[in-house]
Amino acid sequence: MPDSKPADNDDKRKALRKRLLILAIVLLVAAAVLGALANFLTEYWWFKHLGFSDVFITVLLSQLGTGIAYGAVAFVVLIVHILLIKRYSKPRKDWTIPTAEGDIDIAAIVKKVSTPVVAAGAFVAAAAMGVWAAFHWEDILKLLNQTQFGNPEPILGKDPGFYLFELPALQFSQEWLVYLTGFCAFFSAVVYFFRGAITVEGKLPKMSKEVRAHLLGAVAVVLLVIAWGFRLEMFETLFSKRGVAYGATYTDVVANLISYRVLIAASVVCAVWLVITSRNMPDDLKKSAKLPGYALGGLVVLYLIGVFVAPTLVQRLIVNPNELTKEKPYLVHAIAGTRRAYNLDKIDSKEFPANENLNVKTIERNKPTISNIKIWDPRPLKDAYRQLQVIRLYYDFPNIGIDRYRVGDNYWQVMLSAREMMHKQLPTQSQTWVNRHLQYTHGYGAVLSPVNRTVGEGQPDLWVKDIPPVAKHPALAVTQPAIYYGLQTTDYALVKTQTQEFDYPKGKENKFTTYSGKGGVDIGGFFARLLFAIRFADYNLLFTSQLTEKSRVLFNRTIQQRVHDVAPFLMLDQEPYMVIANGRLKWIQDAYTISYRYPYSQPTSLGRRLKINYIRNSVKIVIDAYDGDMSFYVWDAKDPMIRTYRKIFPSLFKDAKTMPQSLRAHVRYPKDLFTLQARMYESFHMTDPRVFYNQEDKWSISKELGHKTKGETKAGPNQPGVSAKRVTDASPMQPYYMIMRLPDAAKEEFLLMVPYTPSNKDNMVAWITASCDGDKYGKLLVYTFPKQKLVYGPMQVEARIDQNDYISQWITLRNQQGSKVFRGDLLVIPIEDSILYVEPIYLEATQAQLPELKKVIV
């Protein structure tokens, strides 16, 4: 009798491997579920502590509702096909595959597993279709809550709201249906084959009339969905890139729109014909296969002719020889659409005489403007702040913000920067878990200086400085200087623990504190600690003994990440800035509603490779640097996009009038938006289609030379006439803020401006400005110079500076070994009816980055 022990051992090993595999699968599933639960609950707690739980729930329910609705539709459609399959076919009784070890009875296997496998496959497919749809929850919500613009486009007569809110959801639904109906047709054919309802004789399949009717009906449904796609594609002609300007052209309207109508009719006729003739086709497979083949082939030929051949012929034979005449009405639409989409149609234009009659009396009359000329550039000022006010190696100033304050009876333009905690700048041995998360939790204070004043040897005049902050004027006093939320605050922080937090250095000692704000999420219980340990992948949260029942965790502390997590549908300006309001430090973040779907509007990019053709600065967000609470103020209540989002998230947004006056006084027109509008206005100030077609009056934002890098000069070091500028092509000027009095204005105001030159020329032809104060906020004005007069542009003034003997000698003398000179930004400043040009000159030692303002060229 053979020994059964080896067989028993093999069975035990197989059983053990099976149990281990099951255990591993269970552990993996449990880990995945626990990880998802950790992220879900901690995110909900975060929204809840901010008061935005309604936003979280709205998004969650929208995702679930969209996924379930689309998934249910997919499941019902699949079930209908399954029922038809079961009605028109039966499982094979005889289907074997011969092998070396014997025949495999495929029919028995199919019969045994067909029902559960098909049902499971249908459920998985429907679930996948539902998950795909859930990612488009925002499109569905915008469709259901859309707001009309009130100015229908001229070709198809649809309101722009249709293109922004409705068309994306319809296009997704059509694409979704194409995949669903196509999958159902393929799925049905495969199942019919495995059930033996489709067999292959020679090269042709053989099937019953009922099966053929089912499959051709499924193909007909696909054709109807494709016909709907052609209908939606008609709306895409308004975003054509074929012509001189963006939008539908003569060829699109005359050729493409007609072609799509023909294709819609042909698709519907073909689908109906397939359904009607599916049961009456000849039994001869060769003949019956030809009929649908001819129909589908004819549809493909029509598509090629209508979408490619006909438009090409129209463009080359009719449009190109007569382009201006044919395209003129469409250029009018493109110009008007672009100007509306970027608010360029709201820009007023005035003539500026550009006289050369500045005198002492003119200067005296405009003393507030002269007193606020910016002679400190952000880069040298940041270097000066770092040298003078960093105080400890773990602090830094991430950016320089530009703002204005009323101090006494005067209106001052200032620069301000927050002193943030930078853990990476601690010594390596000090970058411990306790230091990063429990002790060094926050930055401290800010530095503020006017843009036009210096002290000592050309250093900035600091009106807010030191630790604790010392303010030169009571209006600038900071009573809560701790910065728990900032631009570079990336680590999470644990507060109200048994470890006191480092507050600020004081001589040889350090001051400590305990957080008393309302920010953060409770982490006192074990369950919360477990979930946050999973979220942050940090086991120290489970084993630290420093947490108490009152402990809280502060996370998502970077300003822009914080806002994005709450409102991902808003695009954020690149320059959030800090203000001092009632003794507290607040961040103001500008946000935009954007779209790529505004008809007849020229697309452009806003930096980050993001294509847009509609934008509004609809929201301003205020974030408290200590508590982290956020307020979303609607700043452009007329914008249909923000009105739509307010319908979706009614609890998220507040009216602009509810913003405290202490903050409202610091709202400014955002530089990103102004730069984009100024760039678009280069071409779209031309409203005459003939002038636009020829581009005969195209402008460009004035150019200037950039700052030099260390050791670089135009012609080499220590050479006569060398200016401290880089050897590079000139780049467009960045818009700059100014406190100045516009021509014919009663008083000075805070403005954003940039000059224009003709395209490929250096003389100045205009300048554009945006008001930032009070009721005039957002008012855009363009001042044009007389065409018969030469007005020096920035590059020409730079050349004149380089050619001045005194300036070149002064720079050469100081640009010796051990020091370097560099020039700041050139400012173009209108003073009544004249132009003033101002450029600061800085001196910096090569071994220390402490720039000093030495001269100002006027």
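The values are calculated or read from the model by the stated rules, or taken from the named source; none is laboratory data. Since the model is a prediction, treat every value here as computed from it, not as a measurement. Glycine gets a Cβ as well: all are built from the backbone with ideal geometry, and neighbour counts include every protein chain shown. The area values use the complete protein model at the heavy-atom level, side chains included, leaving out ligands, DNA and RNA. Shrake-Rupley method; radii C 1.70, N 1.55, O 1.52, S 1.80 Å.
Checked against (1) modelled with pLDDT under 90; (2) closer than 20 Å to Arg436 by Cβ, Thr544 passes all but condition (1). Contact map, segment 419-443: residues that are farther than 15 Å from Tyr395 by Cα paired with residues that are part of a helix (DSSP H, G or I), Cβ distance under 7 Å, separation 6+ or inter-chain. Pairs shown: Trp433/Asn540.
Sort out which residues of segment 592-631 are under 20 Å from Leu50 (Cβ atoms) and free of Cβ contacts under 8 Å to residues at least 40 places away in the same chain, and write them in order of number. Once the filter is applied, which keeps residues that are under 20 Å from Leu50 (Cβ atoms) and free of Cβ contacts under 8 Å to residues at least 40 places away in the same chain, segment 592-631 yields only Ser631.
Residues checked against (1) open to solvent by 60 Å² or more (accessible area, probe 1.4 Å); (2) at pLDDT 90 or above; (3) assigned to a helix (DSSP H, G or I); (4) among the β-branched types (Val, Ile, Thr):
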| site | (1), (2), (3), (4) |
| --- | --- |
| Val300 | yes, no, yes, yes |
| Gly306 | no, no, yes, no |
| Asn320 | yes, yes, yes, no |
| Leu331 | no, yes, yes, no |
| Ala334 | no, yes, yes, no |
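Going by what's in this entry, would Leu84 be described as modelled with pLDDT of 80 or more and open to solvent by less than 30 Å² (accessible area, probe 1.4 Å)?
Working: modelled with pLDDT of 80 or more: yes; open to solvent by less than 30 Å² (accessible area, probe 1.4 Å): no.
No; evaluated as a whole, the condition is false for this residue.
Picking from residues in segment 820-846 that are under 15 Å from Lys374 (Cα atoms) and hydroxyl-bearing (Ser, Thr, Tyr), the one that is most open to solvent (accessible area, probe 1.4 Å) is Tyr837.
Considering each of Phe186, Phe172 in turn, give the residue that is without any contact (Cβ under 8 Å) to a residue 60 or more places away in the chain, open to solvent by 60 Å² or more (accessible area, probe 1.4 Å) and assigned to a helix (DSSP H, G or I). Let's see the steps before the verdict.
Working: Phe172 fails: open to solvent by 60 Å² or more (accessible area, probe 1.4 Å).
It is Phe186.
For beta carbons closer than 9 Å, sequence separation of 6+ or different chains, a first residue in segment 247-260 that is closer than 18 Å to Gly157 by Cβ and surrounded by fewer than 21 Cβ atoms within 10 Å (Cβ to Cβ) and a second that is at pLDDT 90 or above and among the hydroxyl-bearing types (Ser, Thr, Tyr), the qualifying pairs are Val253/Thr237; Val253/Tyr330; Leu257/Thr237. When residues in segment 556-572 are screened for being more than 23 Å from Pro650 (Cα to Cα) and either buried (at least 22 other Cβ atoms within 10 Å of the Cβ) or without any contact (Cβ under 8 Å) to a residue 60 or more places away in the chain (or both), 1 of them pass.
List the residue pairs whose Cβ atoms are under 6 Å apart, where the first residue sits in segment 768-779 and is of a type in the set (A, V, I, L, M), the second is not in a strand (DSSP E or B), and the two are 6 or more positions apart or on different chains. Sorted first by the residue in segment 768-779, then by its partner, the pairs are Ile768/Ala678; Ala770/Tyr669; Ala770/Phe674.
So if I check each of Leu585, Leu541, Leu530, which one is surrounded by 21 or more Cβ atoms within 10 Å (Cβ to Cβ) and in a helix (DSSP H, G or I)?
Leu541
If you go through segment 748-780 and keep only what is aromatic (Phe, Trp, Tyr) and either in a strand (DSSP E or B) or open to solvent by less than 10 Å² (accessible area, probe 1.4 Å) (or both), you end up with Phe750, Tyr756, Trp767. Annotation: Met578 fulfils all but one of (1) part of a helix (DSSP H, G or I); (2) at pLDDT 95 or above; the unmet one is (1). Each residue in segment 189-231 was checked for being open to solvent by 40 Å² or more (accessible area, probe 1.4 Å) and over 30 Å from Ile258 (Cα atoms), and 15 pass. In segment 262-287, the residues that are on the phi < 0 side of the Ramachandran plot and open to solvent by 50 Å² or more (accessible area, probe 1.4 Å) reach residues that are at pLDDT 90 or above and in a helix (DSSP H, G or I) with C-beta atoms within less than 8 angstrom, at least six apart or across chains, in these pairs: Val268/Leu223; Val268/Leu224; Val268/Ala227; Val272/Ala220; Val275/Gly217; Val275/Ala220. The residues on offer are Ser631, Ser601, and the sole one that is in a strand (DSSP E or B) and small (Gly, Ala, Ser) is Ser631. Residues in segment 501-527 that are crowded, with 17+ Cβ neighbours inside 10 Å and among the charged types (D, E, K, R): Glu501, Asp503. Note on segment 400-438: among residues that are open to solvent by less than 40 Å² (accessible area, probe 1.4 Å) and among the polar types (S, T, N, Q), the one that is farthest from Lys472 (Cα to Cα) is Ser430.
Scanning segment 181-235 for residues that are at pLDDT 80 or above, small (Gly, Ala, Ser), out of contact with any Phe, Trp or Tyr (no Cβ under 9 Å at 6 or more places or on another chain) and over 16 Å from Val275 (Cα atoms) yields Gly182, Ser188, Ala189, Gly229. Return the residue satisfying two criteria in turn: it lies in segment 781-806 and is open to solvent by 30 Å² or more (accessible area, probe 1.4 Å) and either among the aromatic types (Phe, Trp, Tyr) or part of a loop (DSSP other than H, G, I, E, B) (or both), and of such residues it is farthest from Asp345 (Cα to Cα). Checked segment 781-806; the qualifying residue farthest from Asp345 (Cα to Cα) is Tyr806.
Just one of (1) more than 30 Å from Lys361 (Cβ to Cβ); (2) touching a residue at least 40 places away in the same chain (Cβ under 8 Å); (3) hydrophobic (A, V, I, L, M, F, W, C) fails for Leu813. It is (2). When Gln488 is tested against (1) assigned to a strand (DSSP E or B); (2) open to solvent by 60 Å² or more (accessible area, probe 1.4 Å), exactly one condition is not met: (1).
For segment 621-678, a tally of residues being of a type in the set (Ser, Thr, Tyr) and either more than 22 Å from Phe47 (Cα to Cα) or surrounded by fewer than 19 Cβ atoms within 10 Å (Cβ to Cβ) (or both) returns 6. Taking every residue in segment 494-515 that is within 17 Å of His437 (Cα to Cα) and in a loop (DSSP other than H, G, I, E, B) and pairing it with any residue that is among the hydroxyl-bearing types (Ser, Thr, Tyr) and open to solvent by 60 Å² or more (accessible area, probe 1.4 Å), at least 6 positions away or on another chain, the pairs with Cβ-Cβ distances below 8 Å are Lys496/Thr514; Gln498/Ser545; Gln500/Thr514.
Reported count of residues in segment 127-169, each being out of contact with any Gly (no Cβ under 9 Å at 6 or more places or on another chain), small (Gly, Ala, Ser) and either under 24 Å from Ala72 (Cβ atoms) or surrounded by 18 or more Cβ atoms within 10 Å (Cβ to Cβ) (or both), is 1.
Residue by residue, here is whether (1) in a helix (DSSP H, G or I); (2) in contact (Cβ under 8 Å) with a residue 40 or more places away in the chain; (3) surrounded by 13 or more Cβ atoms within 10 Å (Cβ to Cβ); (4) β-branched (Val, Ile, Thr) holds:
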position: Asp10; (1), (2), (3), (4): yes, no, no, no
position: Lys14; (1), (2), (3), (4): yes, no, no, no
position: Lys18; (1), (2), (3), (4): yes, no, no, no
position: Val29; (1), (2), (3), (4): yes, no, no, yes
position: Ala38; (1), (2), (3), (4): yes, yes, yes, no
position: Thr42; (1), (2), (3), (4): yes, yes, yes, yes
position: Trp46; (1), (2), (3), (4): yes, yes, yes, no
position: Val55; (1), (2), (3), (4): yes, yes, yes, yes
position: Leu61; (1), (2), (3), (4): yes, no, no, no
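Residues in segment 824-833 that are modelled with pLDDT of 90 or more and more than 37 Å from the chain's Cα centre (by Cα): Ile831 only.
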